[in-house]
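One structure is given here, and the rest of the page talks about it.
The values are calculated or read from the model by the stated rules, or taken from the named source; none is laboratory data. As the structure is a prediction and not an experimental result, all values here were calculated from the model. With ideal geometry, Cβ positions are generated from the backbone for all residues, glycine too; neighbour counts draw on all protein chains shown.
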Amino acid sequence: MEADKLIQAFTQVVRNQDYVFSPEAIATIPALRETIAEFETQAPQELAEVIRNWYINHEDVRDAVLIEEREIDKISKTKPESQENTQENRYRVLQDELQKLQDKKTVAPQPNQP
């Protein structure tokens, strides 16, 4: 799997398929975000490896990413890669999408009503 395609596929799954993220996966997102931040200046292959190591423990996410990557292969034959996935902002986009997912899926405790 090509690093850029894996990163793009993972970003799309985070953005559009929140239902594949179990509560356990959501609980590990803060650690994933910290690790991604450490790899901001590294090659895309390094970030792709971080993502692979994370989703190996989250089967539904992994399966969704693999399916999404196949779709990217089909689309990329007819359309050039989008600006969104340029190296400059790929990390920021991924971090933002992970934060949105975490915020959406983490239920804040409701205050007790008298």
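Brief remarks follow.
- Only one entry of V107, V93 meets the criterion of being out of contact with any Leu (no Cβ under 9 Å at 6 or more places or on another chain), surrounded by fewer than 16 Cβ atoms within 10 Å (Cβ to Cβ) and at pLDDT below 90, and that entry is V107.
- Residue check for Q42: polar (S, T, N, Q) and assigned to a helix (DSSP H, G or I): no
- Residue match in the range 70-78 (condition: more than 20 Å from I26 (Cβ to Cβ) and at pLDDT 85 or above): yes
Here is a yes/no grid of residues against (1) among the β-branched types (V, I, T); (2) under 13 Å from L98 (Cβ atoms); (3) buried (at least 18 other Cβ atoms within 10 Å of the Cβ):
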{"site": "F10", "(1), (2), (3)": "no, yes, yes"}
{"site": "V13", "(1), (2), (3)": "yes, yes, yes"}
{"site": "N16", "(1), (2), (3)": "no, no, no"}
{"site": "Q45", "(1), (2), (3)": "no, no, no"}
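- Hits in the range 53-66 (condition: surrounded by 13 or more Cβ atoms within 10 Å (Cβ to Cβ), not in a loop (DSSP other than H, G, I, E, B) and not acidic (D, E)): W54, Y55, V61, R62, A64, V65, L66
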